[in-house]
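A short worksheet on the structure shown next.
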Amino acid sequence: MGVRRLLAGLGCLLLVAACTGGGGSRSGPAVEVPGEIVVASGRDVTGKNGIREQLIDAWNRQQDKANTGYHARLVELPGSADEQRSQLLGALQSGSASYDVVNLDVTWVPEFAAARLVRALPASMIGGDVIKSVASTASWGGKVYAVPFNSDVGLLYYRRDWLARAGVQQTDLSRSPLTWSQLDALMSDVNDLDPKGYEKAWTTQLAGYEGRTVNAVEAFASAVDDFSLTGSDGHYDATVDELAQGVAELRRRTEGAYLLPDAVHSDEAASMGDFAAGRTAFLRHWPYAYRTLFQTFGEQQLGVAPLPGRAVLGGQNLAVTESSPRARKAAELIAYLTGKQSERCLLDAGFAATRTSAYRDDGLRCTTGTSSAPSASPTGERADSMPRDAAGRPKYARPILLPALRDAVQRPRTPLYGAFTQTFTAQLGALFGDSPPEDEKLAADLDTALRKALPD
Amino acid sequence: MSPFDPRGKANRALLVGVSEYDVRKPTPHGVPGDLPAVRHNLDRLKEVLPGGRVFGAHEVTVVRSPYQHDFQRALRTAAEEAEGLLLVYFAGHGAVPSAANELFLQMRGAEVYRGRQDSVFPGAEMFTTVLTMLHASRAERIVVVLDCCYAGNAAFIWEQFPDRRRVLLLMSVQANNRIDAGDDGTPTPFTKELAELLASEGELTFGGLSERLRDRMRAAGLRTVRGEEWEPLSRTEPQEDVLLSAPPKRVVAPPDTGSLDGRSGPHREESERPPGGRTRGRSPRLPRRFLRALGAWFGGLRVVSRIALVLLALATLGLGSYGLSALRTDGSSCAPPLELRVLTDPDLEPTVTAAADAYLTSGDNTDGDGCRRTGITVYSAGAADAVNALRRQTEVWKEPHDEDTNPQRDIGPQPDVWIPASPADVARVTAGQDTDNVARLEAAEQPLAYSPVVLAVPDDIAVEPLGERTGQPLAVLLKQLKARAEQSQVRRPDPEFADAALLATLGLYGTGTDPARAERQVAQAGPPSRTAADLLCALPDDTGVDSRTAALVPEFLLRTGVGCDRTTRAPRTAEYPDDVPGVEATFVRVRWDDADRDGGERDRAAARFHAWLSGDGGRAVFARDGFRSASHGRELLDARDVAHGVLRDPSPLTEAAGRQAMESALKRYRRANGPGRVLYLLDDSGSMSGLWDGPSGGPGLLKQSLGGLGGADEYGVWGVSGTGGKRPYEELLGFGPHSRKEAERAVDAATVRDAEADPHAALLAALDDMRGRGLDDDRPQLVVYITDDEDDTRLTDGNLDDVLARARSAKVPVTMVSLVSGGCDRGKPDARISDASGGRCLDADDDLGAGLTDEVARTGMGED
């Protein structure tokens, strides 16, 4: 079995991990004393049956069986990402709580690495099976500091039934890449149809939080080729001209004609609620909406496709803390939680898996835990209402989700991401105010503010 | 041979100084005392090093009084980052054993144990270890400077070290000698000279520096503790030298000694001399019996109290702000800042967040490189929950052991700073704190800002004469309101959730009023609003209600609580009861046991934020949000622009709330209507198998909410599945009082059934059951239905109407807990049922654990 082979090979990998302080160091850790490995992770608010905890339980059963003396324990953090980050930073900097493994949002990896709160890991912990774009979220300064656990990417959800009623022939928008001008035309068609309860063509997350940053980066990256606000070392390196093009694209997407006005106050839950309630025909959202929306809609009503233009990559990566007294075993646990078997389980439960094999290898099945597989009880009551493919994966996973992840772009990578996103969100708020400034003016202000937030 | 020129390379200087020690004499095993002078060493070196243009300011890392682990971490980082020159400086106590060639650099946690044969030094770093760790660095040259007792003993170790070629060693004193740290207010004698030389004009190499240091020390005529002439030492391999400082010339003049590449400095000649010639021979190796274990910078105990005073002053002034953790592995110039976790009262959250945002980008939070010194995250939690967690749950907050009680998840991050809405909260915590608590509070004496709790009356039914708006108890104001407008109502937010509502409750209960009667005055259909701002924005949902409802809210909301999304509320006039204490935002530093990894830096960061909040910056934010001064006059901070309905000077305003008064009001509120009754309905149909396990699963959420129920409350649990002719539920826990353990066992034993659920039949049965129980009393009741909505197909049309009708008539609130996103969206059955019953609807987009626990806690009395 793949996992066993992986673990067998891990012993030598982890010896390398212990020596990342530099070749030949004699100050490596002494022999680890078996004991508890504490895993800190944000509360799973999206109802995936505690699949993460099930995987940890499965690892614990292995340890018990082998009588290793190790036991992993999950400590749940608040659902709010800001509070998770604050607790992880504050606790690891000060020592107010002890964690061995931390689950980091992809945008936090540079910060935790630069602050030396997490350890460098052997690069071999991320094999070729991990989707390339996803793997790139795990490194900083040329070293691997984390291993991708679950990914995320922006997707387009839409009402197939309304498109059909509006006379659109091909209502499967995932067949060929969609452009924003094609989407505009479809929005116009639905506008003309004006179904009952319908208000505007689309909605997304533009309230003053991370959702606005995500949507803006998607617009900016679509408008400017190879756009990135920061270089590989985290330095701010955008130009006012690039920013102006990005602002223009964001403005075009969010102008009044098609956007639900509430979108500028919406987060994930609000925008999903508006779409589910039939107020819009299109929705930009994450993969977890697939499971939820199919509780409301059937396959004839709901479609999903890659976003037109570029989509932002999200997700979370597991890292070993600098302060962990059981770093070797912690890395072993991470290897298990991010292995092929586990990733397939995560995919079945509704997460975006990080490994290609989870999407492509039909022989790979989730045998961990109790209920992530789409089994039906004899009464016919399903554990979830997601459409599944022949191999039991969510139906859209291989044809739509995997390509979307591969093409996704990252948000700026900088150890000062907190300052960046706060500034970016605040400055772009002007676009949704009463008297939005011109593109060039807003771009110049944004440039000035970002230079201050990310000083040379 | 030219000295090594590190300019333009990635260089690092790590300045480590231990001025404070945890264990000092006369405590057994203590070091002689603190070393205030060392603090100045670090300040001075940090100041002069960048001027030499070899190290950029961002390449200098200062580590103050670290523990051994932190020292190692900083050393490892510096070693990894340096590519050109790595300078490591240490000042602090040094000690040597009698039976080995070793020098111990004593870190903050150092202790001394004298054994029969030899002594041991826990908490100290062996110089051998330092050299070995440095060996791992890629740096081309490594300069080590030691300013401590027995520094010269490091020479022996260097000489035996295989990879000494790259390492140049400078020691403050010859071997086997202790030295005096000098005056508390200045750097130590050796470092004083060192810094002066580094600050001087002209290029300076290691060799030149060593030579000139020896000359200066000799000229000063200083002696070691044993009376020898004080003589700094240095060690290098032959021909090795390094450029340490090359400041730009201040005047245009020819260089002292020219060189073609312009690199070598005036001391080139010296650098070519063999090291032996400069050190005047090695100190003779003394018999080991002479090497004693007494690490002894002199200075002693007399300095301890002084250092405490200095620290206190620094904390108060918000000074002393060198970054501890400027650890950078990348090209970006700013290190990630220290993160402060700031917990506050829900009513205060918008203002404290605005203040933190302003502070983050202010000059006070920006260092010389334009980098942020501190990052801040502001969050809030229910006020009663926060008090309870700080009082009784700090141990599990620090280390949560089970899924059911986890403040890290349910309250939020472990706060470094807590800003409650009343100083009485601090007393409530400390008075009832468990002996095993692991968080200590230190409240600032003066609150940050003040806002009275007022009765905000719609203008149309407000009292006209100014005099009647002040100087009367709340009961009188309410009576007068009723007399003026019979249809008028009064609302108050949830007293468990925010302090302002609890303070209002003090006035509401007054002296001797029956809480149950008082509560009827503010009774409302459905759950109370959580915050005062929520209340003001919920009222306009029904314009008829808005125009005849007075609200008990803090005065500042008459200024900020005006703009509600999508609604305009009726303008209101404040009446100022004289028996309701006001909101007083109070800054409290929270220190967690063992959270000293970043030394005093966290204290200083908190002190800086406090100083800013108390100063002009913070005042401007509180002024904008309609607060008053917390000092005696209680004047409006923005006296020019007085909000509609607010009195400029409504004196007399009342004194601060008392601890016991608040505790007692909360207790009486919880008991106002007697113990509660809760009937849980847990969907255990087949589809729940995907939402069963873990703390976010159905049983996990149910168990977490049991914390809100006490021994006097009654409750039961039904497992809901079974359709057709079968009973729609199975009793998992019979109705009655239970211990939490007993209830948890029953829930743990529950399993998912191979059946569908009939929510229609189950809810009708539950509402009938509860209506029957509540016939003879007014005790609070609640039905909780935890479900994945899979069987909502049985809640359509007529079936749904049945349930809605029964929910309205039974007068038992139903909290619907939907484990899927969007379960409470407009028009969904869950939303309609909870709405009709006056209960709350929670779905997976909410924080389900905390939300359900709040609902249950409001129904139950809980434990005292």
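The values are calculated or read from the model by the stated rules, or taken from the named source; none is laboratory data. Only a predicted model underlies this, so the values are computations on that prediction, with no experimental measurement involved. All Cβ positions, glycine included, derive from the backbone under ideal geometry; neighbour counts span all protein chains shown.
In segment B:637-665, the residue that is modelled with the highest pLDDT out of those that are part of a loop (DSSP other than H, G, I, E, B) and of a type in the set (D, E, K, R) is B:D638. Within segment B:762-790, the set of residues being over 39 Å from the mean Cα position of the chain (by Cα), modelled with pLDDT of 90 or more and surrounded by 21 or more Cβ atoms within 10 Å (Cβ to Cβ) comprises B:A762, B:L763, B:A766, B:L767, B:M770.
The numbered conditions (1) closer than 17 Å to A:A207 by Cβ; (2) within 13 Å of chain B (Cβ to nearest Cβ) are all true for A:A277 except (1).
Can you find even one residue in segment B:715-723 that is out of contact with any helix residue (DSSP H, G or I) (no Cβ under 8 Å at 6 or more places or on another chain), surrounded by fewer than 20 Cβ atoms within 10 Å (Cβ to Cβ) and either within 14 Å of another protein chain (Cβ to nearest Cβ) or touching a residue at least 24 places away in the same chain (Cβ under 8 Å) (or both)? Checked segment B:715-723: no residue is out of contact with any helix residue (DSSP H, G or I) (no Cβ under 8 Å at 6 or more places or on another chain), surrounded by fewer than 20 Cβ atoms within 10 Å (Cβ to Cβ) and either within 14 Å of another protein chain (Cβ to nearest Cβ) or touching a residue at least 24 places away in the same chain (Cβ under 8 Å) (or both).
The residues listed here are B:V48, B:V54; of these, the one that is assigned to a helix (DSSP H, G or I) and either farther than 22 Å from B:F190 by Cα or touching a residue at least 24 places away in the same chain (Cβ under 8 Å) (or both) is B:V48. Collect the residues in segment B:548-578 that are surrounded by fewer than 22 Cβ atoms within 10 Å (Cβ to Cβ), modelled with pLDDT of 90 or more and over 19 Å from B:A643 (Cα atoms), keeping them in residue-number order. Result: B:R548, B:D578. Does segment B:23-45 hold any residues that are farther than 11 Å from B:A195 by Cα and in a helix (DSSP H, G or I), and which are they? Once the filter is applied, which keeps residues that are farther than 11 Å from B:A195 by Cα and in a helix (DSSP H, G or I), segment B:23-45 yields B:P36, B:A37, B:V38, B:R39.
Checked against the criterion of being over 20 Å from the mean Cα position of the chain (by Cα), under 30 Å from B:D425 (Cα atoms) and among the acidic types (D, E), segment B:380-401 has no qualifying residue.
Scanning segment A:72-108 for residues that are more than 9 Å from chain B (Cβ to nearest Cβ) and assigned to a helix (DSSP H, G or I) yields A:A81, A:V106, A:T107, A:W108. Could you please let me know if A:A289 is surrounded by fewer than 21 Cβ atoms within 10 Å (Cβ to Cβ), part of a helix (DSSP H, G or I), out of contact with any Cys (no Cβ under 8 Å at 6 or more places or on another chain) and within 9 Å of chain B (Cβ to nearest Cβ)? No; evaluated as a whole, the condition is false for this residue. Going by the conditions given, is B:P413 surrounded by 20 or more Cβ atoms within 10 Å (Cβ to Cβ), part of a loop (DSSP other than H, G, I, E, B), more than 14 Å from chain A (Cβ to nearest Cβ) and modelled with pLDDT of 95 or more? So B:P413 does not fit the description; no.
Filtering segment B:645-697 to residues that are β-branched (V, I, T) and either within 14 Å of another protein chain (Cβ to nearest Cβ) or under 30 Å from B:L455 (Cα atoms) (or both) leaves B:V646, B:T654. Is it the case that A:R413 is under 24 Å from the mean Cα position of the chain (by Cα) and in a helix (DSSP H, G or I)? Against the criterion (under 24 Å from the mean Cα position of the chain (by Cα) and in a helix (DSSP H, G or I)), A:R413 does not qualify. A count restricted to segment A:426-453 and to residues that are away from every other protein chain (no Cβ under 11 Å), crowded, with 18+ Cβ neighbours inside 10 Å and not acidic (D, E) stands at 8. Residues considered: B:N153, B:N176. Of these, the only one that is surrounded by 21 or more Cβ atoms within 10 Å (Cβ to Cβ), among the polar types (S, T, N, Q) and not in a strand (DSSP E or B) is B:N153. Among the numbered conditions (1) assigned to a helix (DSSP H, G or I); (2) surrounded by fewer than 21 Cβ atoms within 10 Å (Cβ to Cβ), the only one that A:V190 does not meet is (2).
Checking B:E228, B:E203, B:E196, B:E237 one by one, the residue that is charged (D, E, K, R) and touching a Ser or Thr at 6+ places or on another chain (Cβ under 9 Å) is B:E203 and no other. Scanning segment B:846-864 for residues that are surrounded by 24 or more Cβ atoms within 10 Å (Cβ to Cβ) and in a loop (DSSP other than H, G, I, E, B) yields a total of 1. Filter segment A:129-164 down to the residues that are at pLDDT 95 or above and part of a loop (DSSP other than H, G, I, E, B), then identify the one that is nearest to A:G231 (Cα to Cα). Once the filter is applied, the top-ranked residue is A:Y145. When B:G676 is tested against (1) of a type in the set (G, A, S); (2) at pLDDT 90 or above; (3) out of contact with any Asp or Glu (no Cβ under 7 Å at 6 or more places or on another chain), exactly one condition is not met: (3). Scanning segment B:640-687 for residues that are charged (D, E, K, R) and in contact with a helix residue (DSSP H, G or I) (Cβ under 9 Å, 6 or more places away or on another chain) turns up B:D641, B:R659, B:E663, B:R668, B:R670, B:R671, B:R677, B:D683, B:D684.
Is there a residue in segment B:676-687 that is surrounded by fewer than 22 Cβ atoms within 10 Å (Cβ to Cβ), under 36 Å from the mean Cα position of the chain (by Cα) and small (G, A, S)? Scanning segment B:676-687 turns up no residue that is surrounded by fewer than 22 Cβ atoms within 10 Å (Cβ to Cβ), under 36 Å from the mean Cα position of the chain (by Cα) and small (G, A, S). Residues in segment B:344-365 that are touching a Leu at 6+ places or on another chain (Cβ under 9 Å) and either within 12 Å of another protein chain (Cβ to nearest Cβ) or free of Cβ contacts under 8 Å to residues at least 24 places away in the same chain (or both): B:A356 only.
I'd like to check something: does segment B:791-801 contain any residue that is crowded, with 21+ Cβ neighbours inside 10 Å, outside any loop (DSSP other than H, G, I, E, B) and at pLDDT 90 or above? Within segment B:791-801, not a single residue is crowded, with 21+ Cβ neighbours inside 10 Å, outside any loop (DSSP other than H, G, I, E, B) and at pLDDT 90 or above. Put simply, of B:V96, B:V16, B:V31 the only residue that is touching a helix residue (DSSP H, G or I) at 6+ places or on another chain (Cβ under 8 Å) and farther than 19 Å from B:F190 by Cα is B:V96. The condition of being within 14 Å of another protein chain (Cβ to nearest Cβ), surrounded by 23 or more Cβ atoms within 10 Å (Cβ to Cβ) and not in a helix (DSSP H, G or I) holds for only one of B:G823, B:G827, that being B:G823. Taking B:T377 as meeting all but one of (1) within 12 Å of another protein chain (Cβ to nearest Cβ); (2) out of contact with any Lys or Arg (no Cβ under 9 Å at 6 or more places or on another chain), write down the number of the exception. Every listed condition holds for B:T377 apart from (2). Set side by side, the residues B:L732, B:L706, B:L701 differ, and just one is surrounded by 18 or more Cβ atoms within 10 Å (Cβ to Cβ) and in a strand (DSSP E or B), which is B:L732. Taking the criterion of being on the phi < 0 side of the Ramachandran plot, more than 13 Å from chain B (Cβ to nearest Cβ), surrounded by 24 or more Cβ atoms within 10 Å (Cβ to Cβ) and in contact (Cβ under 8 Å) with a residue 12 or more places away in the chain, would at least one residue in segment A:109-123 satisfy it? Yes: segment A:109-123 contains one or more residues that are on the phi < 0 side of the Ramachandran plot, more than 13 Å from chain B (Cβ to nearest Cβ), surrounded by 24 or more Cβ atoms within 10 Å (Cβ to Cβ) and in contact (Cβ under 8 Å) with a residue 12 or more places away in the chain.
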